[in-house]
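Read the structure below first, then the notes.
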Amino acid sequence: MINHDFSPLWISLKTAGLAMIITFFLGLIVAQGMFNYRGKGKSAIDALLISPLVLPPTVVGFLLLLLLGQNSPVGQFFRQINLNIIFTWQAAVLTSTVVAFPLMYRTSLAAFEQIEENIILAARTLGASEWRIFWQVLIPLAYRGIMAGTILAFARGLGEFGATLMLAGNIPGQTQTMPLAIFFAAESGNYQQALFWVLILLFLSIFMIISVNFWANSQQIKKIVRSKKREENNNLDISPNTHSDRIRDDSKINFIPHTEYTFGNFNQVFVDIQKNYGDFSLNINLEVHNKPLGLLGVSGSGKSLTLRCIAGLEVPDRGFISINNQIWFDARHKINIPSYQRRVGFVFQNYALFPHLTVRQNITFGVQNLPLMEQIERVDFQIQQMQLQDWEDYYPVQLSGGQQQRVALARALVMNPEILLLDEPFSALDTQLRSQMEKNLIEVLALYDGVTVMVSHNLEELYRICQDLLVISEGQVLASGHKQKIFHSPTTYEIARLTGCKNFSSVAIISPYSVQALDWDCTLILENAIASKVKYVGIRAHQLTFEELEILRDDYQPRDINIFPCWLAQSSETPHRITLYIKLNNPSTHFNDYHFQVELFKENWQLLKYCSFPWHLKLNPSYLFVMD
């Protein structure tokens with residue numbers, strides 16, 4: 001017959017419930033610590049923490065027995081204070097906590113690791129400490145995984161058997177949980193009693209699994225709905241007659257100066273740092289005084305790493321960083337101001353907006369330590385400045401790319417940062433929106449008195465926005481100075497290549513004012529005398545022209561210098577320009593048989609294409625530059 005003593009049910013529920021509460025807090029704290037831990041032995045620590053999940057429960061129970069037994073140091077200490085844990089209900093709670101902890105810890109850690117890294121880094125640059133990031137960013141963004149881990153931890157504690165038997169024993173009414181009741185009922189031959197508890201456990205376990213699946217599915221549905229809203233908003237962006245507010249928002253934005261709130265006057269930055277990443281070595285020396293500085297280089301050259309070192313998100317191996325006479329980093333004197341204390345405005349490549357916060361909440365995040373009225377004043381100013389009044393209660397997923405960029409820029413500027421760092425701010429935008437947002441950024445920077453450092457691999461983008469350039473290749477500075485000087489007088493082949501030059505030739509020096517261009521098979525007259533160490537000559541594609549077009553100009557003056565017969569090898573068109581691939585002296589034999597790339601506007605091409613071959617290519621001495 002079935003014994004109607006339900007004490008195993010209540011003991012199991014109380015034990016698993018208390019264990020769940022303990023593992024909830026303990027698992028979150030340990031997961032947060034492991035998430036931020038960057039020291040040695042992380043894998044070994046992680047393996048130790050999840051070992052109760054993979055070890056047989058009896059092994060876990062035996063180890064706990066050794067740790068807490070009367071002959072152990074812990075057991076002797078407990079005996080001195082008249083505390084006994086072995087064969088008590090507290091022992092059952094302890095074993096359930098130990099075996100359930102890995103599920104809560106590992107599920108929470110996995111949920112934390114799914115959060116985009118730049119969101120965490122953005123929070124640090126906005127002045128948030130690690131604990132504030134934990135409560136305001138990690139927990140809200142990882143709550144689905146945390147809830148799943150909590151449910152699984154409860155289910156694991158509910159079904160614990162081996163470790164509980166070893167440490168707590170089978171005392172009816174005190175430590176006998178449902179798994180123990182099943183075991184001893186079956187052992188005594190009372191299969192009906194065992195089946196009764198099995199069915200209850202099975203029901204509870206299935207209920208737990210259904211709860212987890214229902215939770216996951218409901219969140220996935222919400223995610224799909226938000227994604228559809230984003231698609232609808234994007235469609236509204238490109239539909240000229242569907243939403244007048246949206247058209248006004250992304251087509252033309254006029255930034256109006258605000259007289260009651262101004263930025264501080266920050267304008268001195270000195271950076272001299274070195275950092276090694278295996279075979280890659282970053283060695284950067286830069287100095288900025290107020291004017292926007294552009295970091296130019298190919299992907300992987302160290303541009304973004306430089307910004308992260310300035311912001312305190314990466315720690316250099318050597319060197320120093322000084323902002324407005326404040327030392328932020330000095331390896332020699334072991335000074336390293338944390339990122340959240342540096343007052344850095346950082347706009348990430350993907351904007352790194354907090355997806356769980358509205359536009360207003362995103363912008364407010366960096367000024368929560370200020371008095372309420374000052375918070376409101378600063379945030380209202382930025383919302384007005386970026387013309388986000390109609391969108392301040394929207395979430396990032398409901399915004400277009402241009403709106404997200406403006407929110408990210410407002411969030412960075414609201415703190416009145418000492419330095420503004422822009423990491424590829426236009427890379428996520430389409431061509432049309434990129435052009436508009438570039439103009440908007442120029443207007444914003446005109447009102448910002450601090451130093452701006454912008455990263456891009458797009459020369460034209462940096463040339464329009466920044467006054468000075470720093471050209472970086474493989475972690476090394478190749479050139480620095482005013483953009484016109486770097487663009488018009490590159491000193492090395494690599495600088496010329498990185499600044500967009502497409503036409504190069506090795507040279508043999510004939511005289512101080514003439515060289516033989518070996519790759520172009522021509523002799524060139526130069527405007528200025530050259531040094532003996534010159535190795536290359538170059539000219540930019542847009543600075544080449546044809547004598548046939550020059551004749552049509554009103555100010556044309558015949559000069560028989562650096563003009564050569566040429567033939568067309570191939571061409572490539574864009575909506576407004578055409579690139580011609582030209583070979584000198586002889587007709588081309590195949591598509592890739594050419595010496596120069598020449599860029600022309602379409603109207604000039606319409607005149608040139610009707611001229612018979614050979615055309616005559618003109619290399620103006622004023623535009624030729626020689627390089628080491």
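Tabulated data for the structure shown
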| quantity | calculated |
| --- | --- |
| Given (1) out of contact with any Asp or Glu (no Cβ under 8 Å at 6 or more places or on another chain); (2) closer than 26 Å to THR88 by Cβ, number of the condition PRO57 does not satisfy | (1) |
| Any chance PHE320 is crowded, with 16+ Cβ neighbours inside 10 Å and in the same structural domain as GLN404 (by TED's automatic domain parsing) | yes |
| Some residue of the range 285-302 being free of Cβ contacts under 8 Å to residues at least 60 places away in the same chain, surrounded by 23 or more Cβ atoms within 10 Å (Cβ to Cβ), in contact with a Phe, Trp or Tyr (Cβ under 9 Å, 6 or more places away or on another chain) and not charged (D, E, K, R) | no |
| Of all residues making up the range 532-544, the number that are in contact with a Leu (Cβ under 8 Å, 6 or more places away or on another chain) and assigned to a strand (DSSP E or B) | 3 |
| Given (1) part of a strand (DSSP E or B); (2) free of Cβ contacts under 8 Å to residues at least 12 places away in the same chain; (3) of a type outside the set (Lys, Arg); (4) under 30 Å from LYS439 (Cβ atoms), index of the condition GLN484 fails | (1) |
| Near pairs, Cβ below 9 angstrom, 6+ apart or cross-chain, from the range 572-595 (without any contact (Cβ under 8 Å) to a residue 60 or more places away in the chain) to any residue that is assigned to a loop (DSSP other than H, G, I, E, B) and β-branched (Val, Ile, Thr) | LYS583/THR589 |
| Only one of ILE509, ILE551, ILE578 that is in contact with a strand residue (DSSP E or B) (Cβ under 7 Å, 6 or more places away or on another chain) and within 27 Å of LYS609 (Cβ to Cβ) | ILE578 |
| Subset of the range 310-332 (residues that are farther than 11 Å from ARG342 by Cβ, out of contact with any Phe, Trp or Tyr (no Cβ under 7 Å at 6 or more places or on another chain) and either among the aromatic types (Phe, Trp, Tyr) or not in a loop (DSSP other than H, G, I, E, B) (or both)) | ARG318, GLY319 |
| Residue under evaluation LEU462, criteria (1) closer than 20 Å to CYS309 by Cα; (2) in contact with a strand residue (DSSP E or B) (Cβ under 7 Å, 6 or more places away or on another chain), criterion not met | (1) |
| Those helices (runs of 4 or more DSSP H) lying entirely in the range 1-113 with at least 2 residues under 30 Å from ILE200 (Cα atoms) and either in the same structural domain as LEU202 (by TED's automatic domain parsing) or without any contact (Cβ under 8 Å) to a residue 60 or more places away in the chain (or both) | 7-36, 42-54, 57-68, 89-113 |
| Filtered residues of the range 531-560 (kept if at pLDDT 85 or above and within 21 Å of MET627 (Cα to Cα)) | VAL534, LYS535, TYR536, VAL537, GLY538, ILE539, ARG540, ALA541, HIS542, GLN543, LEU544 |
| Which numbered condition TYR513 fails, given (1) assigned by TED's automatic domain parsing to the domain that holds VAL626; (2) within 17 Å of LEU421 (Cβ to Cβ); (3) not hydrophobic (A, V, I, L, M, F, W, C) | (2) |
| Helices (runs of 4 or more DSSP H) wholly inside the range 362-481 that include at least 3 residues being more than 22 Å from the chain's Cα centre (by Cα) and closer than 20 Å to GLN349 by Cα | 431-447, 459-465 |
| Where GLY278 falls short, out of the listed (1) at pLDDT 85 or above; (2) surrounded by fewer than 19 Cβ atoms within 10 Å (Cβ to Cβ); (3) at positive phi | (1) |
| Count of residues meeting criterion [within 18 Å of ARG38 (Cβ to Cβ), more than 13 Å from the chain's Cα centre (by Cα) and in a helix (DSSP H, G or I)] in the range 118-136 | 4 |
| Within the range 497-536, tally of residues that are over 22 Å from ASP560 (Cβ atoms), aliphatic (A, V, I, L, M) and either buried (at least 19 other Cβ atoms within 10 Å of the Cβ) or touching a Gly at 6+ places or on another chain (Cβ under 6 Å) (or both) | 1 |
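Condition check ((1) in contact with a Phe, Trp or Tyr (Cβ under 9 Å, 6 or more places away or on another chain); (2) of a type in the set (Lys, Arg)) across all residues:
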residue	(1), (2)
LEU9	yes, no
ALA16	yes, no
ILE21	no, no
PHE24	no, no
LEU28	yes, no
MET34	yes, no
TYR37	no, no
LYS40	no, yes
SER43	no, no
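The values are calculated or read from the model by the stated rules, or taken from the named source; none is laboratory data. The structure presented is a predicted model; accordingly, all values stated were derived computationally and were not measured. Cβ: placed from backbone, ideal geometry, glycine included. Neighbour counts: every protein chain shown.
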